[in-house]
1. Are any residues in segment 39-76 under 14 Å from N18 (Cα atoms) and of a type in the set (K, R), and if so, which ones?
2. So the check is Cβ under 6 Å with 6+ separation or different chains; which pairs have a first residue in segment 81-100 that's at positive phi and a second one that's not in a loop (DSSP other than H, G, I, E, B)?
3. Residues that are β-branched (V, I, T): find the helices (runs of 4 or more DSSP H) completely inside segment 90-174 holding 1 or more of those.
4. Based on what the data block shows, is L258 at pLDDT 95 or above, crowded, with 21+ Cβ neighbours inside 10 Å, assigned by TED's automatic domain parsing to the domain that holds V188 and not polar (S, T, N, Q)?
Amino acid sequence: MLAIRIMQEQGIEVEALNFKTIFTCCQDQSAQTARDLGVRLTVVGQDDDYLDLVKDPQFGRGKGANPCVDCRIYMFEKAKRFMHQIGADFIVSGEVAGQRPMSQKRRDLDRIAYHSDLEDLLLRPLSAKLLRPTLPEREGWVDREQLYAIEGRSRKRLIELAKKFGLKDIPTPSTGCSLTEPKFSKKVFDLIDSPGESRRWDFELLKIGRHFRYDTHTKVILGRDAAENDQLRYAHQLPDAASTAVFAPENFAGPQALLIGPRTDAAIAFAASLMLRYSRDYDPDNALVRVDDQIINAIENDRAKSLETIAMM
């Protein structure tokens with residue numbers, strides 16, 4: 001918001017670019033902000049190669065599964081292609097030196113600019129006076145004197161600047177990225193470390209339900225509400241689905257489930273018993289579960305009696 005407004009104050013036309021990955025959650029906010037600022041917004045999605053950097057980032061991760069430096073490089077590479085497509089002259093970012101410990105240290109800012117091949121065309125107006133002058137500044141496209149030297153994690157100067165520009169809806173600080181969250185990161189690492197090739201379908205499922213690891217090759221996902229139950233059924237029907245069975249309560253109210261991995265009797269029994277652990281008011285002698293077109297008695301197949309030893313994610 002501030003980077004755009006700083007450019008607008010100098011009479012520079014701005015086109016907003018927002019990156020959407022399966023791990024981000026702030027697109028609606030970005031659209032409203034673009035409307036408030038009077039700029040056109042283009043949303044760019046990830047390609048499947050984005051998942052490769054999540055699995056094996058060149059520049060490491062933060063405290064979670066977040067490959068922040070690699071992610072920023074990936075985004076700026078796409079931004080450079082977009083810049084050429086629309087005939088723009090340079091790229092502006094709202095990064096602040098030292099604000100994010102994983103991707104906004106001085107060293108990381110330089111690394112991101114260099115590896116995205118934007119070293120001289122990436123302007124960070126909020127911290128520009130702390131950094132080397134870029135081509136837009138040297139050529140006079142942008143007045144460097146009207147840029148800023150903000151650094152550190154404090155938002156005080158940013159909030160003051162927002163008020164100066166008349167920005168009313170100041171967002172709360174958030175990465176907007178689930179890869180930074182410890183619980184979600186646990187699911188990511190479990191997927192990455194499991195045998196076989198993890199695909200986009202597998203990563204999409206990480207956002208849904210409770211995940212239980214049965215063995216090295218097998219896990220079960222339980223829906224937490226009706227919406228997630230619907231999502232699990234839909235995911236199972238997709239052409240690239242890796243699930244081998246879908247479960248639904250037959251004579252009681254409870255979660256639905258997906259089995260990912262070999263469809264063994266033991267794995268099916270484990271999934272059915274997990275459903276009971278998160279259900280109420282079922283017949284303790286006759287709790288029926290539909291597994292695709294087969295019906296089994298979950299009571300007779302309760303293999304999750306030592307659930308405390310199973311990692312829940």
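1. Hits for segment 39-76 are R40, R72.
2. Hits for this filter: G98/E151.
3. 106-115, 156-164
4. yes
The values are calculated or read from the model by the stated rules, or taken from the named source; none is laboratory data. Note that this is a predicted model, so its numbers are computed, not measured. Positions of Cβ are backbone-derived with ideal geometry, glycine not excepted, and every protein chain shown enters the neighbour counts.
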